[in-house]
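First comes the structure, then the notes that go with it.
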Amino acid sequence: MPINKSDKIWFNGEFVPWDEAQIHVMSHALHYGSSVFEGIRAYNTVSGPAVWLLDGHLKRLFDSAKIYRMEIPYSFDEIKEAILETIRVNKHEACYIRPIVFRGYGEIGVDPRGCPVDVVIATIEWGRYLGPEAIEQGVDVCTSSWRRMAPATFPALAKSGANYANSQLIKLEALENGYVEGIALDVAGYVSEGSGENLFIVRDGTLITPPETWAYPPRSRPFPANFSTSLTRSFSPAPRQRSRPSAPLTG
Ligand SMILES: Cc1ncc(COP(=O)(O)O)c(C=O)c1O
């Protein structure tokens, strides 16, 4: 998906022009995956752009940072205000918001303590994650041969850049085999999540999703069942799923 540039990026407390938001090639995060981030949507409403579950996403960002012992040098409210200001500065009607906290340039080696914790907020215009027709027509998905990591290897509770090495393997395998997305099972063989989405099923009018230890705690949980398909990255009814998980759906 090509990136639609916005005017400005919030970079450690300052707005900088998009092309000037750069980091050093020896930054810790680039070598060791030491970043945590969020993906948040602002939707166009009659009263202007409205951010979907901002507090919930920010809580997860702060929790992710805590798990990786990264001290975010801004308060919850400062990051929240910075996100809203970035949307205003870039004059979005609707957008995708990507706050990222990462270990920057300082020292070499796995020990990250000598590296600064940098914070960036980028906003971009980004349509539907799995393509414009995905919601109406559904997409072809497969069950991946890659499993999600066990909670004692990488904590799935933390939305860390490192987790996305696993997501990339799932996605690349699915694309290579002609699918749009792959669904990963957890280490025990239960359904976990897509490479970049939560999974929900509706059973007897109730939304069911795998437990948090195996998948990201979905920020999308608190909304009513009939609200789900319009606002989440839903697969919709998958028209073709050739390899089905042998394990039951968890919930
Ligand atoms: C692997 C993965 N699972 C789940 C999600 C859904 O996240 P959210 O809880 O913000 O809807 C995402 C979104 O980026 C993801 O990448």
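Here is how the numbers come out for the structure above:
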| quantity | calculated |
| --- | --- |
| Complete set of residues in the stretch 24-58 that are surrounded by fewer than 15 Cβ atoms within 10 Å (Cβ to Cβ), out of contact with any Leu (no Cβ under 8 Å at 6 or more places or on another chain) and over 22 Å from Ile108 (Cα atoms) | Asn44, Thr45, Val46, Ser47, Gly48, Ala50, Asp55 |
| Which listed residue is within 27 Å of Pro2 (Cβ to Cβ), modelled with pLDDT of 95 or more and more than 21 Å from the chain's Cα centre (by Cα), from Arg98, Arg41, Arg88, Arg113 | Arg88 |
| Check on Ala82, in contact (Cβ under 8 Å) with a residue 12 or more places away in the chain, away from the ligand (no atom under 16 Å from the Cβ), under 20 Å from Ala158 (Cβ atoms) and assigned to a helix (DSSP H, G or I) | no |
| Enumeration of residues in the stretch 120-160 that are hydroxyl-bearing (Ser, Thr, Tyr) and in contact with a helix residue (DSSP H, G or I) (Cβ under 9 Å, 6 or more places away or on another chain) | Thr123, Ser144, Ser145, Ser160 |
| Strands (runs of 3 or more DSSP E) lying entirely in the stretch 8-68 (those with 1 or more residues that are away from the ligand (no atom under 13 Å from the Cβ) and acidic (Asp, Glu)) | 14-17 |
| Close pairs from the stretch 177-195: first within 14 Å of Met149 (Cβ to Cβ), partner part of a strand (DSSP E or B) and away from the ligand (no atom under 15 Å from the Cβ), Cβ under 9 Å, at least 6 apart | Ala184/Thr143; Leu185/Thr143 |
| Yes/no for Thr143 being of a type in the set (Val, Ile, Thr) and more than 24 Å from Asp63 (Cα to Cα) | yes |
| Single unsatisfied condition, Phe154 versus (1) in contact (Cβ under 8 Å) with a residue 24 or more places away in the chain; (2) surrounded by fewer than 19 Cβ atoms within 10 Å (Cβ to Cβ); (3) not charged (D, E, K, R) | (1) |
| Conditions (1) surrounded by fewer than 18 Cβ atoms within 10 Å (Cβ to Cβ); (2) within 14 Å of the ligand (Cβ to nearest atom); (3) not in a strand (DSSP E or B); number of the one not met by Tyr96 | (3) |
| Test set (1) more than 12 Å from the ligand (Cβ to nearest atom); (2) surrounded by fewer than 22 Cβ atoms within 10 Å (Cβ to Cβ); (3) at pLDDT 95 or above - Arg203 fails condition number | (3) |
| Sole residue being under 29 Å from Lys59 (Cα atoms), away from the ligand (no atom under 12 Å from the Cβ) and either modelled with pLDDT of 95 or more or not β-branched (Val, Ile, Thr) (or both), chosen from Ala158, Ala174, Ala152, Ala184 | Ala152 |
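The values are calculated or read from the model by the stated rules, or taken from the named source; none is laboratory data. Note that the structure is a prediction, hence the values are computed from the model and not measured. Note: ideal-geometry Cβ built from the backbone for every residue, glycine included; neighbour counts use all protein chains shown.
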